[in-house]
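Just below is one structure, and these are the notes that go with it.
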Amino acid sequence: MARLLIGSVYYLRLDPKRFEELQPFPPLATLYAAAYMRARGHEVRFFDAMLAGSHGEWASLVEHVRPEIAVLYDDNFNYLSKMCLTNMRDAAVAMIAAAKKVQAKVVVCCSDAVDHPELYLDAGADAVILGEGEAALAEIVDGIHDGELETIQGVAVRGRDGSITRTDRRPPLRDLDTLPFPAWDLVDFDRYRRIWRERHGIFALNMATTRGCPYSCNWCAKPIWGQSYAVRSPANVVAELETLIDAAAPDYVWFMDDIMGLKPKWWGTFADELERRAINIRFKCLSRADLVLREGAVADLARAGCDIVWLGAESGSQKILDAMDKGLTVGQIEEATRRLKSAGIRVGHFIQFGYSGEGVADIARTIAMIRKTQPDEIGISVSYPLPGTAFYDRVKAELQEKRNWSDSSDLAMLYRGPFSTGFYRRLHTYVHRDFRMRRGLRAFARVLKGRETLRFRHVRSLVYAMLCLGIAPFSLLSLRLLRS
Ligand code: SF4
């Protein structure tokens, strides 16, 4: 039995935009790894970077626990971890140094380390896991003191001659129902609850019903699960949900899957299972327009208690969707949005600007799609070439010196894209402002028509809309103005 300290790597404090939003979620993948290692008889302590002020807290805990093995294990379900932000990389390097100070062996499992194992091995890590972590971690812990890591599947280690050995990736776990539930007992629920309730009036927690995604959007990095896709049974998910409700009483759940509901009829069986156990809880999830359009999907989602579906809409230009290998049409995105809204389910659109070949006309089509479909929320990003993607290979020759964002609000163009970073930052502000102005005006119109009761948020929206009205029409004259 080994004494392990397992810590996540994403520090909300180091991501100013997300810290301002203040929607912390416990690091789910880290908790899965903790449960997996405990089930193998190891002693496990847990460090939650999401709530930590800095990596100094990790250093203090390392001093206190003096683990034999320190494991830096990111929440690979959280899409923020895929951004490979340099603020988090720097923190991880400092965490490795702190662990080495007490002579701990160090294992790293995170997206950035899959792309750049040398950075983490040079910082002192003994092994980097290349892909899904649990099974590899168990073997590493068994073999680390004998130094026999080079035969373990799915790792990168530095040999005695200084060269890096990467072993073949191991196939991800298929039967997710056999995994122990995440080690929820290690989470400081009181602290999460207090933060959520004070800022948002509800308490949200996170779960995952699947791992991976089999689609092939060519900019989407999949360092952990590759093209694989595995799904839990609805009964297994609802059983975990029930234990989570008993332990922490959340009001809301974020299902962090890349793609929820891919398996036909999954949402229907999930809704049945929730009804059978009399569980009512609102949730948000990410999915695709084509899955939402399958027969009965929207009704099943509504029956299960879905609050909002975030769709990877990306662009209102079919040319750009096709270039991304998105496998969707603009019409499908519009129709899925319409159907969800008609069923009382809110819709979020992830929008991406700056894909290669995108011109002003394509941007205008995206803005038109947002105005036409009127999603309830939007999230805007710019194309981000990440190693291992076809998009990265396509724009490799145009990469700038800077290869990663420092934090999630960075929005720097990392390749010589259609327009400058300044243009996309202004566009980001403009589209958000236009969206919020229109959403505010629509909300106020509903009040005037007697469909909603006047609340403070309506007045706030109206004031915001009036402030924006002075700016937006000017910008509407031409997107080209944003280029200056
Ligand atoms: S559907 Fe989503 S998760 Fe899957 S490849 Fe496309 S962008 Fe990535």
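Look at M256 and say whether it is in contact (Cβ under 8 Å) with a residue 12 or more places away in the chain, of a type outside the set (S, T, N, Q), crowded, with 23+ Cβ neighbours inside 10 Å and under 24 Å from G327 (Cβ atoms).
For M256, the condition - in contact (Cβ under 8 Å) with a residue 12 or more places away in the chain, of a type outside the set (S, T, N, Q), crowded, with 23+ Cβ neighbours inside 10 Å and under 24 Å from G327 (Cβ atoms) - is not met.
Go through the range 198-215 and give me each residue that's away from the ligand (no atom under 16 Å from the Cβ), under 22 Å from the mean Cα position of the chain (by Cα) and over 15 Å from L28 (Cβ atoms).
Across the range 198-215, the qualifying residues are R199, H200, I202, F203.
Specify which of the listed residues (D161, D146, D175) is modelled with pLDDT of 95 or more and surrounded by fewer than 13 Cβ atoms within 10 Å (Cβ to Cβ).
D175
So, of the residues in the range 323-371 that are of a type in the set (A, V, I, L, M), more than 18 Å from N218 (Cα to Cα) and in a loop (DSSP other than H, G, I, E, B), which turns out to be nearest to the ligand (Cβ to nearest atom)? Before the answer, list the steps.
Taking the range 323-371 and keeping what is of a type in the set (A, V, I, L, M), we get 323-324, 328, 330, 333, 336, 340, 343, 345, 347, 351, 360-361, 363-364, 367-370.
Retained after the next criterion (residues that are more than 18 Å from N218 (Cα to Cα)): 333, 336, 340, 343, 345, 347, 360-361, 363-364, 367-370.
Of the ones still in play, those that are also in a loop (DSSP other than H, G, I, E, B) are 343, 345.
Values: A343: 22, I345: 19 Å.
Per the criteria, the residue is I345.
Of all the helices (runs of 4 or more DSSP H) wholly in the range 216-322, which have at least 1 residues that are within 16 Å of the ligand (Cβ to nearest atom) and among the small types (G, A, S)?
Because the criterion is at least 1 residues that are within 16 Å of the ligand (Cβ to nearest atom) and among the small types (G, A, S), the helices (runs of 4 or more DSSP H) in the range 216-322 that meet it are 289-292, 297-304.
Identify the single condition in (1) within 23 Å of A313 (Cβ to Cβ); (2) within 16 Å of the ligand (Cβ to nearest atom) that P172 does not satisfy, given that it satisfies every other one.
P172 satisfies every listed condition except (1).
Take the residues in the range 45-72 that are under 21 Å from D15 (Cβ atoms) and among the charged types (D, E, K, R); name whichever of them is farthest from the chain's Cα centre (by Cα).
Out of the qualifying residues, it is E57.
Against the conditions (1) buried (at least 18 other Cβ atoms within 10 Å of the Cβ); (2) away from the ligand (no atom under 16 Å from the Cβ), where does R191 fall short? Just the number, please.
So the condition that R191 fails would be (1).
What are the pairs with Cβ atoms under 8 angstrom where one residue, in the range 47-67, is without any contact (Cβ under 8 Å) to a residue 60 or more places away in the chain and the other, located anywhere, is among the polar types (S, T, N, Q) and not in a helix (DSSP H, G or I)? Sequence gap at least six, or different chains.
F47/S8; A49/S8; M50/S8
I need the strands (runs of 3 or more DSSP E) fully contained in the range 87-190, keeping only those with at least 1 residues that are over 25 Å from the mean Cα position of the chain (by Cα).
Those strands (runs of 3 or more DSSP E) span 105-109, 155-158, 164-166.
Kindly check whether there is at least one residue in the range 92-110 that is free of Cβ contacts under 8 Å to residues at least 12 places away in the same chain, over 25 Å from Y252 (Cα atoms) and surrounded by fewer than 21 Cβ atoms within 10 Å (Cβ to Cβ). Spell out how you get there, then give the answer.
The initial filter retains those residues of the range 92-110 that are free of Cβ contacts under 8 Å to residues at least 12 places away in the same chain, namely 103.
Of the ones still in play, those that are also over 25 Å from Y252 (Cα atoms) are 103.
Remaining after also requiring surrounded by fewer than 21 Cβ atoms within 10 Å (Cβ to Cβ): 103.
Within the range 92-110, one or more residues are free of Cβ contacts under 8 Å to residues at least 12 places away in the same chain, over 25 Å from Y252 (Cα atoms) and surrounded by fewer than 21 Cβ atoms within 10 Å (Cβ to Cβ).
Of the residues R193, R199, which is within 28 Å of T86 (Cα to Cα) and charged (D, E, K, R)?
R199
The values are calculated or read from the model by the stated rules, or taken from the named source; none is laboratory data. Quantities reported herein were computed from a predicted structural model and do not represent experimental measurements. Every residue, glycine as well, gets a Cβ built from its backbone with ideal geometry; the counts of neighbours run over all protein chains shown.
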